[in-house]
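Heads up, the thing below is written out as structure tokens.
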Amino acid sequence: MLRADARANHDRLLAVAADAFAREGTDASLKAIAREAGVGIGTLYRRFPTREALIEAVYRNEVERLCAAAPELLATAPPAVALTAWMERFVDFMAAKRGMGEALRAVLLSADDRSQTRAQLRGALATLLEAGEAEGVVRAGVDPYDVLLGLGGITLIAGAERERELASRLIDLLLHGINSDGINSASE
């Protein structure tokens, strides 16, 4: 268990590194990451002895944050709005992941790692879809994995076009397909 200050340093390093990797790719300066996080390079290396260890920790942290967002969003917004917000966060997560692409392939090589991540994301999405179905805004029987695949396609298309707004428009189309009344609830 980390002390509170050590936990804060750890969390800051992960957040700053995630932003740096999304912006600059995995070749981002580790010294600059440490400086922006307000710690020395020695602190970074004590927590993450290699660049790959930092990349893996950032990735796993971002997956956990995205999955934890599902119940958090549902606690503060109606299911349809929470679902839309989570999908937008997924697109941002995938954009950050793209910046770590090659390094992630080396770090998360096992099928078990990829399967575990998909299961976590599917579980978060299932939570949102079930809440929407219970409220009558998501049609019954929507498979979270199908929606996850749709979101993955959206991120690939929008990323290739380098158009973040395109992703939001495509999410709107996807929502029309899963909403029970065919109305995008993001505008509600």
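Miscellaneous remarks
- Within the stretch 52-83, backbone nitrogen closer than 13 Å to the virtual label 7 Å beyond the Cα of Lys31 toward Cβ: none
- Extent along the principal axes, Cα only, for the chain: 55, 37, 32 Å, with the longest axis given first.
- Remark: the chain carries 52 Å² of accessible area per residue (probe radius 1.4 Å; ligands, DNA and RNA excluded).
- Amide H contacts of Val138 (H built 1.01 Å from N, in plane; Pro and chain starts excluded): Glu133, Ser180 sit under 5 Å, all sequence-distant by 5 or more or on other chains.
- In plain terms, the chain from His176 to Arg7 could stretch by 56.7 nm, reckoned as 0.36 nm per residue minus the Cα-Cα distance.
- Estimated distance in nm for a label pair at Glu130 and Arg114, the labels positioned 7 Å out from Cα along Cα-to-Cβ: 2.7 nm
- Counted by Cβ distance under 15 Å from Asp143, the other residues give a net charge of 0, where Lys and Arg count +1 and Asp and Glu count -1.
- Surface share of carbon and sulfur [accessible, 1.4 angstrom probe, percent] for the chain: 53 percent
- By the equivalent-ellipsoid construction on the alpha carbon gyration tensor, the stretch 1-93 comes out with semi-axes of 28, 15, 10 Å, ordered largest to smallest.
- Computed over the chain with a Gaussian network model linking Cα atoms closer than 10 Å, the most mobile of Ala18, Ala167, Ala119 is Ala119.
- The stretch 1-40 and the stretch 68-85 have Cα centres lying 27 Å from one another.
- Helical segments meeting 18 Å axial Cα length and Kyte-Doolittle -0.5 threshold in the chain (DSSP H): 4-24, 51-76, 79-99, 144-161, 164-178
- Pair Arg65, Glu88: separation of 7 Å Cα→Cβ label points (nm): 1.6 nm
The values are calculated or read from the model by the stated rules, or taken from the named source; none is laboratory data. Predicted model, so just to flag it, every value in this text is computed and none were measured. A quick note on method: Cβ atoms are made from the backbone with ideal geometry, for glycine too, and the neighbour counts reach across all protein chains shown. Please note that ligands, DNA and RNA were not included when accessible areas were found on the heavy atoms of the full protein model with its side chains. Shrake-Rupley method; radii C 1.70, N 1.55, O 1.52, S 1.80 Å.
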